[in-house]
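As structure tokens, the structure follows; a few thoughts come after it.
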Amino acid sequence: MLSCRDIAAKASDHLDRKLTFSQSLGYGFHLLLCGYCREFVRHLRTTIELSQHLGEQNQLSDEEAARIAQHTLEQAEDAQGPQ
């Protein structure tokens, strides 16, 4: 039987449906018995869905991305000091 650590390590593969049939059976059996892991997987699924939703809504314009990149570059150059 899979341990809780195994469940956490394979949670993304489970949600992406990348597990083999036998792995899926073992995974599902563990989730059936372990409420903590069910809750963990549920929270992970919610986090993924929310981050995808927020990512769609909060796209930077090309101008904003260029300003951020320029500012980051300037900060890095300032941190290096004179050469």
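Tally up the residues in region 1-29 that are surrounded by 11 or more Cβ atoms within 10 Å (Cβ to Cβ), not hydroxyl-bearing (Ser, Thr, Tyr) and not in a helix (DSSP H, G or I), please. Give the steps one after another, and end with the answer.
To start, the set of residues in region 1-29 that are surrounded by 11 or more Cβ atoms within 10 Å (Cβ to Cβ) comprises 2-4, 6-15, 18-19, 23-29.
Retained after the next criterion (residues that are not hydroxyl-bearing (Ser, Thr, Tyr)): 2, 4, 6-11, 13-15, 18-19, 23, 25-26, 28-29.
Still in the list and also not in a helix (DSSP H, G or I): 2, 10, 18-19.
The total comes to 4.
Remark: pairs (first residue in region 30-41, assigned to a helix (DSSP H, G or I); second residue among the acidic types (Asp, Glu); Cβ separation under 8 Å; 6+ apart in sequence or on different chains) = HIS30/ASP6. Screening LEU32 against (1) of a type outside the set (Lys, Arg); (2) surrounded by 12 or more Cβ atoms within 10 Å (Cβ to Cβ); (3) at pLDDT 95 or above leaves a single unmet condition, (2).
Condition check for ARG38 on (1) charged (D, E, K, R); (2) more than 26 Å from GLN52 (Cβ to Cβ); (3) touching a helix residue (DSSP H, G or I) at 6+ places or on another chain (Cβ under 6 Å): one failure, at (2). When each of ARG67, ARG45 is tested for being under 30 Å from MET1 (Cβ atoms), among the charged types (D, E, K, R) and modelled with pLDDT of 80 or more, the lone residue that passes is ARG45.
The values are calculated or read from the model by the stated rules, or taken from the named source; none is laboratory data. Small disclaimer: the values here were computed from a predicted structure and weren't measured. Glycine also receives a Cβ, built like all others from the backbone with ideal geometry; neighbour counts cover every protein chain displayed.
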